[in-house]
Structures are given as structure tokens and as C-alpha cells.
1. Among the residues of segment 290-302, which ones are touching a strand residue (DSSP E or B) at 6+ places or on another chain (Cβ under 8 Å) and open to solvent by 20 Å² or more (accessible area, probe 1.4 Å)?
2. So if I check each of 475, 452, 437, which one is open to solvent by less than 50 Å² (accessible area, probe 1.4 Å) and more than 23 Å from residue 135 (Cβ to Cβ)?
3. From 115, 128, which residue is in contact with a strand residue (DSSP E or B) (Cβ under 6 Å, 6 or more places away or on another chain) and surrounded by fewer than 18 Cβ atoms within 10 Å (Cβ to Cβ)?
4. Taking strands (runs of 3 or more DSSP E) that do not extend beyond segment 1-97, which have at least 3 residues that are open to solvent by less than 50 Å² (accessible area, probe 1.4 Å)?
5. Just checking, how many residues over segment 263-294 are closer than 21 Å to residue 313 by Cα, among the β-branched types (Val, Ile, Thr) and more than 36 Å from the chain's Cα centre (by Cα)?
6. Tell me which residues, restricted to segment 264-289, are in contact (Cβ under 8 Å) with a residue 40 or more places away in the chain and either out of contact with any strand residue (DSSP E or B) (no Cβ under 6 Å at 6 or more places or on another chain) or among the acidic types (Asp, Glu) (or both).
7. I'd like the full set of residues that are open to solvent by 10 Å² or more (accessible area, probe 1.4 Å) and in contact (Cβ under 8 Å) with a residue 40 or more places away in the chain, limited to segment 327-342.
8. If you scan segment 196-210, which residues turn out to be assigned to a loop (DSSP other than H, G, I, E, B) and buried (at least 17 other Cβ atoms within 10 Å of the Cβ)?
Amino acid sequence: STRLNVAKLIAVDDQSRLLERMMGDYRLAAFAVDASVEALPAESVEKLAVAIRELSTEGPGTDATRLGDAIRQVLDSSRAASPAAIVLLTDGIVTEGASLADAAQVARERGVPILAVGIGSDRPMRDLEIADVLVDEVVFLDDLVSFRVQVAATGLAGETTKVGLYQDGNSTPLAEQSITLGQDGEPQTVFLTHRPTAPGDTAYTVEIAPRDDETNHDNNRQRRMISVRDEKIRVLMAFGYPSYEFRFLKSLLERDSTVELATYLQDADPDYAEQDRTALRSFPITREELLDYDVIVFGDIDPRRLPRSVWPDLQALVAEKGGGVAFIAGPRWMPWAYTDVPEAAALMPIDVGALDLASGGDLPPDVTRGFVVEPTPLGLRLPPLQLGDTPADSETIWRHLPPLYWLAPIEQLAPAAQVLAEHPTHSSRSGRPLPVIIAQYVGAGKVWFHAIDSTWRWRLGSGDVYFSRYWVQTIRYLARGKLTSGRGASLTTDRREYQRGEAVEV
């Protein structure tokens, strides 16, 4: 039974006996209320009963309930003789206009009692909903794919449920997470991760376990198609000198069968390109050469020894073609020497103009004691920082990684920067923890910035496991933009239905 049908039944049941009694004792006026007030014919019991039976929730004006305005309108239209009472058959919900409290105050001043017959349950309808699922449409084979799931619930605050990720044709969940449901209408974000092991287009379903007492099971799941590509990623590493970071990262990417690596060293001997199969004699200077790469890793390199035309082309690689760039700070040039390279500074997720040029690569006090990188909650949600099989495993791994001993003190960030990892104890002059790993979107692509130059130390005690997992996942994450460049953008809201006047989070 709908609430409207319950109200009709109250009015016309038992051959309209209630209407007959009321019309025998009073001069009755009857109204139907939605976005406006409609007077119903009350010349006789028969005409009023027919009009009530024909009421519907469909049609113009039925998308709102202005109950408070209706009461005031009825009172204003009967100023000559106030009604003896107003009887409401209602669920009490006002979607627009004056509130019931305001209308009741006007009725009180006129001496008119309001007799409310509540229709419906005093408990909210119970419902679980997968409101939205965000995931990259195109990924690389063996990528760690993160599904960002928005869960909404009504009438179930404080109860627990499970959200699972399934592949079509397989009833066993690929990933699963238990959550405690929040207050009605408050969306919760759940992150589920999976690593595809076969190329091709694959359908995934995110599902929340249905309950027997739910009013609607159709919204408990959402389906997404993902294209898994088995392609090589073209990576260029450009460093000023063969630091430990360069050597270990070069060795790692050379062994990765999914990466096609090229390297450029400013301080290399002329014969170096003949002795190393990845080495380039010079940095790619034409636009076509540069835009052919998917990801470029810039180490501590002197920008004055690179052609000025490189930087506009680098911007085009990221913003237009969806490529990725990773900047790695160093004690000589990165990022202090880039204050007069506006195109490069615009790509970095830091405020290059706010750097302390006098200190250069000098360390903040006591940083030389060593520190363990501390990911932020945002950082732990992204695939590059997922070093374990679950978010909890990743948090534990990060806490036990070997300490680092150098950090570029970044005082200010670019407006759209996202801090993914921080120094655990040292802060900037503004009181914010010193950032260690920073990222931002630039057009269609992504930019990464390391305020550290010694992630190779994460190999100590564990070999290549975490060093490799971090860098391979970072390279793949930065390269994804090229797979989807040209597809445009997508905007999503925190849920699909709103009352008028509610704020919509985009």
C-alpha cells in the first residue's frame, strides 16, 4: 500500500462513512496538496469520494509537496470565518516552501487546531545503494586497479555490511571489505583493488550484500567495463649524473618486460651511448621524439643544458597527450634551478617561486637522523602506494621501510597539488608536515614529484620487492593517461537523488 492509497482508504472506506459523518456535522472543504492547492468538489459525499479516488501521484506539479504554504493559503482564503479545524492526512514531509512549524504558528494565532493523521511508518525505509563506482576505463595488464565505490544507506545506521568486487562469470569475490553504515544519506567511500591478469575487455560488478528488509534490491550493484591492454610503456629517464637512484631505477626498469627504456645522462662520456643499449647521445629535441614517450622521469638535471624548446613540448606531452612526468629532487638543481623555467615550474605540483634559493639542497635541521616516509590517507588509496595486498598490509609495510636521509624542504605547494606522503616529524614554516611525495593532474596527464632521491634504500633487507612494486606501479599509473587521452572528462555526484534545496557534491 502506498501512502496515498492509505489516505484514500481512510476517507472512502465503508461506503465513505467518515465523509458522511463529517459533512453531517460541518460544512466541509476538501483540498489535495502537491506543489499547489487543488480544491476538491464537496457538494456531496458522492462527488467528493469520486474526486478522492481519482487522486494520483502522477502529473504536473506532483514533484513537490508545499504543505506549509497550503495551510496558510487555506487560512488566508477563509478570513471571514475561521475553520473549526484543519485535518491533515499526511506523511508530514514538506519538500518546498514554508515549514509545517511556520504554518502551525499561523493557525495557532487564528485559533484553528490542526489535527494530523500520520500516514506511513515511523521508521525510515531500509535501503542499501551502490551510488557510484569510479575506476579507470583502460589499464595495463597486471596493473593494480582501484575501484572507488560510493555507498549510501537509509534506516541502517550503525549496522555492518560487506561490499564485494566480482568478475562476470565468477561468484567468488576478487576483493571484499566490511563497513559500518553511517547516517541516512551520508555517502561512504570504499576502495577495492584488483590486479587483472589477462588482456581484453572485462566486466566487473561491485555489489553490496542485499538484505531481506530492503525496499529496493535493484540499486545494490553497479557494473563497469574495463579494457586491459598488454602494451609496452615507453619510459625516458633523464638525470644529470649517475646517482644511486638513477642506477637502481635504471636496472629495475631494464629488467621489466613491460617497459621500453631509454636513458639520458648529462655528465656521461661521449662513448657511453655506444656501451649502453638504453643510452641516448642527446636529449630528444624534436616534438615528435618527445611525445612518443609515455612517461619521463626527470632526476637532478641542469635545465640550462637542455634546449628551451623541450619544456613547451613536455607540457604538451602531459596536458594534451595524457603522458606522465616524475620529477625527482636532488641537491644540485632540482627544483632550485627551475625558477626561470616557467613551463617546467607550471608542471610541478610545488610553488617553485617560494623555494629558499639560498639554502639550495641544504638539509633541514636533524633530518640527517633518518626518517620513515609516512603516506597520507589519500596516498594510500592510490595504486602506486599500495605495497601490500590490502590497505592494512600497505600501511604496515610503509611503517617498516628503511629510513631515508635527505629531503628537499618544500614550503609551498601548487594550488591543485595532492600530498601523498609526508615527513613524520618535520614541518614547514606554516606548520604543515614537509611533503615527500606530491602529485597533481595537468590536463589529460599526471605529474609526480619526489622531494627525496633515495628510494633505492627501500631495497635494504627486502631486495627489490617494495622498491620494484612502488616504481613499477608509479610508472604504470602515470602512463594510464595516454591510454584514455581524447576521451574527455566525466563529472559525478555523491548520489543520484536529492530534495530541492539540498547541496549537491560534485
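The values are calculated or read from the model by the stated rules, or taken from the named source; none is laboratory data. Remember, it's a predicted structure, so these values are computed and weren't measured experimentally. Methodologically, a virtual Cβ is constructed for each residue, glycine included, from the backbone with ideal geometry; neighbour enumeration extends over all protein chains shown. All accessible areas refer to the heavy atoms of the entire protein, side chains included, with ligands and DNA or RNA removed. Shrake-Rupley method; radii C 1.70, N 1.55, O 1.52, S 1.80 Å.
1. 292, 294
2. Unique residue meeting the criteria: 452.
3. The conditions single out 115.
4. Working: elements: 30-33, 37-40, 86-90.
Qualifying strands (runs of 3 or more DSSP E): 86-90.
5. 2
6. Passing the criteria: only 284.
7. 331, 332, 333
8. We begin by selecting, within segment 196-210, every residue assigned to a loop (DSSP other than H, G, I, E, B); these are 196-199, 209-210.
196 - this is the single residue of segment 196-210 that is assigned to a loop (DSSP other than H, G, I, E, B) and buried (at least 17 other Cβ atoms within 10 Å of the Cβ).
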